[in-house]
Structures are given as structure tokens and as C-alpha cells.
Amino acid sequence: MSPAIQNTLDIEAELQVKYHVSITRDVFSPDNPLLLETVDRSDPAAKQLVILDAALSAVLRERVEAYFAAHDVAVEVIEVDSGEINKNLDTCLSIVDALERSGARRQSNPPIAIGGNVLIDVAGFSASIYRRGIPWVRVPTTLLGMIDGSVSAKTAVNHQGNRNRLGTFHPALRTVVDTGLLASLPRRHLVNGCGEILKMAMIKDSRLFSLLEEHGPGLVASHFRTDPAEDVVTRAIDGMQSELRQNLWEKDLRRIVDYGHTFSPPIEMAVVPELLHGEAVAIDCLFTAVLSYVRGWLSGTDVRRVARTMHRLGLPLDHPLFYDIDMLERAMEEARLHRDGSLNLPVVQEIGSCTFTQEVTREELHQVTALLKELARSAGENLLAPILQH
């Protein structure tokens, strides 16, 4: 017979979180003080650790070293290979080893991570587990990182073929967004970032959608240096923070920012690097928009607007695995596990407005895939699926 419980202690605590997102220009100009604001300059022997995406070494390493040299700050730059194939525990532990070698502190002189979304995610995860969590600073260099990662508190690595299966909530102390860093970004990665902008526009900002619809190709062609660029990036980031700040730790699993992230995750992981994250999200956005059309919630006109905007941006409208009904059903089951048993599938009822549904039938999946195939075919022929009614 087990002994009776004598005492139960209820412990409750609150964690106050405050961090900054700064949108700037010429972040590596010696006249720009943003990267100095977290540097501890009281100890001459201390080094500033910079974790740099190895793919950016030829473009940024000299600029980073010159920036800190101009301010008499000793800097140690470590280069880390990025890409989904390297988003794993081995890469994380290599960063942890660098933190150990550099004598990273518990509270001051945080390391600075500079790179794309993968590098930022892994560096943040490494900072979160080193000494049970140290502060860190991020400078995203891709459009996807600026939109999708600049506000997020989440860090992660992939594990056993599952995207972001291991992760923590550990927001960067400061995020510095400089769209000038997009000047050398390959076109495909610019288009990739537009997938996340499209998501934010569809779920809560019809004006942002109109800007993307009208100016998207020009934004991509100019590497986001045309007049609407600052407005587009700022609106997308502000929309993201307005959704995340009240639910930073995801206690509420009904999140409209999960739009585009129900069917796409297992498909994206199955075909890396054939599909980039923003590309997979965009196809999911269109797929779910067609589901809304099938249910009579979203007009055919709006679905065509989404397809046309994606096509003009250069985003893919489909992928063979989005026609695999078994794969789509497995994706929903994985989403239910991730969302504690509920599907919580965000669906758009009109561009700029979102709600949720909890069930999608196999018959509906067949209907959606048939219409998606017609949309993708007709977009290539510039017909844009006349079968969709107004």
C-alpha cells in the first residue's frame, strides 16, 4: 500500500521577456552603433564572438571584422555551414564548442549570429542550451529570416528527418534587420522570402497583399530596393509581432501564423533541397485557399489573385507531393500531434481575414488537389483556371 501524500506545493512564476527588433540601414557601417550596444567594452581581454554563415564569408567576413576593428573591439569569427542538411545537433554542438572556447558569459557580451534562417535557428538553439541559456543577437541576411525569424522566440534543429523537431523558446536579445543585405541574395531566395510575406498578407493584411500583388516582381528584381520595399517588410514584420507577442510561448495552439504550415512541413523535409521553406509554405497557402473555395468561404476571384501573385513572383504553385492524398493525411496527423490533438487548420475566408477548421475529409482533399492541378496548369498558360467561379 503506497503512503498517503502529505503535502503538495504549488509553484507559480512568471517570466518577463523584453527584446528589440531594429530596422536599419548599413548595419556594418562604422557609423552605425547597433551592433555595439550589446558589446561589453569594459574588459579589454574580452572577444566578441560572431557566428557567420559560411556561405557569406566572401561577402561579409571582411566587413564584420572591419566594423569591430574600427571600434577597437577584438572579434572572433567562426564560420558555420548552413542549409537544411546541416540544421542538426552536430552543427549545434560545434557552435557550443565555440562558445566554450570563447568564454561566453551568462549575461553579457552575447554572441552575434549573422546569416540565413537555418544559421539563425541553430545558433539560437545553441545559445539556449549553453549554460542553460545565454543571450544572443541575430542579424538575418535573407528575406525569409527577416520576415519569418526576426520576431520569433523559437529556435530549433531538425532531427530524424523531422523539421524543427528539437527546439526551445529563446528569443534573441536584439534582432537587426537591414534590407541592404539582400543586395547579393540569389533571386530564388528572395522569392522564397516572399512566401512568408504572402502568408502574412493573406491572414491579416489585405493592404500588404495588394502591395505584393502590384509591386512583387519589381521588389524581387530590385532586391527590395524599390519604394514599396520598406513598407512591405515593415508591415510583414509588424503583422508577425502583433500575432506572436500575446502568445510567445504558444500556450494557445490556435495560431493564424500557422497558415501555410499544416500540409507543407513533411513535404518540405521529404524533398529538401527541391523545395525551400517559403516555397513549400506558399504552395500550402494556395492549397488551403482552394480548400476555402471548395467550402464556399473564399471567392474564385480571390483564389485566382493568390495564384496570379505567386506566379508573377516566381513561386511554385504546386508539387507532386501536394497531390498525394496519403501524404496530406499524414501531414494533418502530424499537425494534430504538434497541436495537442486538434487540427487547428487556419483557413482564409477573405484575403486579410482568417479562421480555423478542425476537420478536412478525404473527399475534400481529392477536390482540392484536382482544382490545384488545374490552377497550376492554367497559370503556366496564363489562363488562371477559368473553372473557378466568382
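Annotation: amide H of Leu166 within the under-5 Å range of Val157, His159, sequence separation 5 or more or interchain, hydrogens built in the peptide plane. Taking all protein chains together, Ile203, Ile11 sort by accessible area into Ile11, Ile203, largest first [probe 1.4 Å]. With contributions of -39500 (n - 2.57) from each DSSP H run of at least four residues, the per-residue ellipticity at 222 nm computed over the chain stands at -13500 deg cm²/dmol. Listed by chain and number, the lysines placed with their C-alpha closer than 17 angstrom to that of Lys154 are Lys18, Lys87, Lys251; residues fewer than eight positions away on the same chain are left out.
Accessible surface area normalised per residue over the chain is 46 Å², counting heavy atoms of protein chains with a 1.4 Å rolling probe. The HN-Hα couplings worked out from phi for the range 240-245 by the Karplus form 6.51 cos²θ - 1.76 cosθ + 1.60 (θ = phi - 60°) are 5, 5, 5, 7, 8, 5 Hz, whole numbers, x standing for Gly and Pro. The Cα-based radius of gyration of the range 78-117, divided by its Kirkwood radius, gives an Rg/Rh of 0.98. When the solvent-accessible area of the chain is split by element, carbon and sulfur atoms take up 48 percent of it, the probe being 1.4 Å. Helix 89-101 and the longest principal axis of the Cα set of the chain meet at an angle near 20°. Take each peptide in 188-201, 291-304, 357-370, count the other Cβ atoms within 10 Å of every residue, and average; sorted highest first, the result is 188-201, 291-304, 357-370.
Note on the range 216-298: semi-axes of the ellipsoid equivalent to its C-alpha gyration tensor, largest first and rounded to whole Å, are 23, 20, 16. Between amide H atoms placed 1.01 Å from N, distances below 5 Å from Val75 occur with Gln48, all of them 5 or more places distant or on a separate chain.
The Cα atoms of the range 16-161 cover 44, 35, 31 Å along the three principal axes, with the biggest extent listed first. To the nearest ten degrees, helix 187-204 and the longest principal axis of the Cα atoms of the chain are 70 degrees apart. Considering only alpha-carbon pairs that sit under 8 angstrom and 6 or more positions apart, the relative contact order computed for the range 59-173 is 23 percent.
The angle separating the long axis of helix 117-129 from the principal Cα axis of greatest extent in the chain is about 50 degrees.
On the principal axes of its alpha carbon atoms, the range 1-83 extends 70, 31, 31 Å, with the longest extent given first. Note that the range 247-257 has calculated 3J(HN,Hα) couplings of 9, 4, 8, 6, 5, 9, 8, 8, 10, 5, 6 Hz, one per residue in order, obtained from phi through the Karplus relation 6.51 cos²θ - 1.76 cosθ + 1.60 (θ = phi - 60°); glycine and proline are x.
Taking the average, over residues, of other Cβ atoms within 10 Å as the packing measure, peptides 256-269, 89-102 rank 256-269, 89-102 from highest down. Roughly speaking, what % of Cα-Cα pairs in the range 264-390 are separated by over 18 Å, rounded to a whole number? Roughly 51 percent, once rounded to a whole number. The alpha carbons of the range 46-116 stretch over 37, 30, 15 Å along the principal axes, in descending order.
The values are calculated or read from the model by the stated rules, or taken from the named source; none is laboratory data. Since this is a predicted model, take the numbers as computed values, not measurements. We place every Cβ from the backbone using ideal geometry, glycine too, and count neighbours over all the protein chains shown. Ligands, DNA and RNA are excluded from the accessible area calculation, which covers all protein heavy atoms including side chains. Shrake-Rupley method; radii C 1.70, N 1.55, O 1.52, S 1.80 Å.
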